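Inspection log for the structure reproduced underneath, given as structure tokens.
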Ligand code: SAM
Ligand code: SF4
């Protein structure tokens, strides 16, 4: 019987990229990917457990899939919920046959053999890989922008976070293997690379070269054919000035930094064990403000951490005003298994967390609306990602990671996808920009061409 698989992904970009690696491995093992559960002989859920809601989603899926299992389908739970719950998943969902965390994906072919042999309880739960999972069989979804993991796991211990338990200790790849992969990606036509890691800037080259993150970042940006390099997520504690110097010196490095602050109150940051104060965080913001190229800064915010007083919360709102983020992700604190903050007193009621998150989002919306209006009239270099036929519009992304929908005289909906072009911003809302496409830029070559007034587009953004 033909082996087919359906895979659904929950959570962050690391999980999306893990799915690309798992997909490549399955295809290499003779499986064919299908679009629906009905067509599949094997169903994979690549799960997220960062907040309770994300975890519940997979158990809801499993609840509804019991009947499919009776028809002989194989169910696999992989990723963070698998690592966190382990064997308990078999008790909660007895029709699941494979439970494996991300540190065990290198053993996936071996686990598939065990499944094939009829084993109904296959697990991969040890942190047995000393190196980051790297496979030549990665099946990437996007033909122009490629994810590239440089470091896996996390050696920090934020008191609210499950990641150190679900993804294990930090393992960096060698700089040589990262550069090799970047070259292979450029040779296959990718022009944009996004370097990934839970704390991407904690990268430490395990080879004798001993590159730090800034050195690696700059080197990836100099691979011929690569025009844009992004990176996420940066931890403030390990965010050093050479990263800004690299962005200043190398126009292929996108001028966008995602630097999650979590809270504006040093007291809360301390309880979160974030390893920096508000002042130290603001020092990093100052470095970015003083950069030669204006750098877009985005962040994550948690509201309602145990013990967060009204004054602490106000400090977070004040910080939003002070930094003027380009955009943020905001979350209500969610108590997670095994984490240190579970035992803290003074838990904040859910209605209060809801009130706080709404205030954060309202404040940020106003900041973004103001920032976006100030961009009207500027010219941005855009990487064209999609064409929306119904609206007759293209969608692209600027170096600062802004989404822009635009029209262009050339209305042949696919030819521009993957190219870089200049777009004049003509309208702005709180979460996106609209514009009109100017002449097409050559796909590769100079990174930012001067416009008619001789000012480079990225220098005009602010
Ligand atoms: N390593 C990154 C850092 O330290 O900034 C963050 C990675 S984590 C996967 C992504 C985001 O999820 C965090 O920045 C935090 O805002 C949020 N998060 C993590 N644990 C959470 C929890 N228990 N409740 C609410 N939000 C949480
Ligand atoms: Fe979680 Fe903190 Fe590690 Fe980020 S640094 S993944 S928030 S433990």
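Observations on the structure shown:
- For residue 270: the one exception among (1) modelled with pLDDT of 95 or more; (2) surrounded by fewer than 20 Cβ atoms within 10 Å (Cβ to Cβ); (3) under 30 Å from residue 139 (Cβ atoms): (3)
- Residue list for region 40-55, filter: in contact with a strand residue (DSSP E or B) (Cβ under 6 Å, 6 or more places away or on another chain) and not in a strand (DSSP E or B): 40, 41
- Residue that is away from ligand 2 (no atom under 16 Å from the Cβ) and in a loop (DSSP other than H, G, I, E, B), where the choices are 365, 400: 400
- All of 161, 154 fail the test of being part of a loop (DSSP other than H, G, I, E, B) and closer than 19 Å to residue 126 by Cα, apart from 154.
- Some residue of region 117-131 being in contact (Cβ under 8 Å) with a residue 40 or more places away in the chain, in contact with a helix residue (DSSP H, G or I) (Cβ under 8 Å, 6 or more places away or on another chain) and part of a helix (DSSP H, G or I): no
- The single condition among (1) modelled with pLDDT under 75; (2) more than 28 Å from the chain's Cα centre (by Cα); (3) farther than 20 Å from residue 293 by Cβ that residue 443 does not meet is (2).
- Verdict on residue 294 being surrounded by fewer than 20 Cβ atoms within 10 Å (Cβ to Cβ), over 30 Å from residue 362 (Cα atoms), in contact (Cβ under 8 Å) with a residue 60 or more places away in the chain and more than 11 Å from ligand 1 (Cβ to nearest atom): no
- Qualifying residue in region 10-24 (condition: part of a strand (DSSP E or B) and either surrounded by 18 or more Cβ atoms within 10 Å (Cβ to Cβ) or in contact with a strand residue (DSSP E or B) (Cβ under 9 Å, 6 or more places away or on another chain) (or both)): no
- Restricting 268, 323 to residues that are in contact with a helix residue (DSSP H, G or I) (Cβ under 9 Å, 6 or more places away or on another chain), within 15 Å of ligand 2 (Cβ to nearest atom) and in contact (Cβ under 8 Å) with a residue 12 or more places away in the chain narrows the list to 268.
The values are calculated or read from the model by the stated rules, or taken from the named source; none is laboratory data. These numbers come from a predicted model, not from an experiment. Here Cβ is always computed from backbone atoms with ideal geometry, including for glycine, and neighbour counts include all displayed protein chains.
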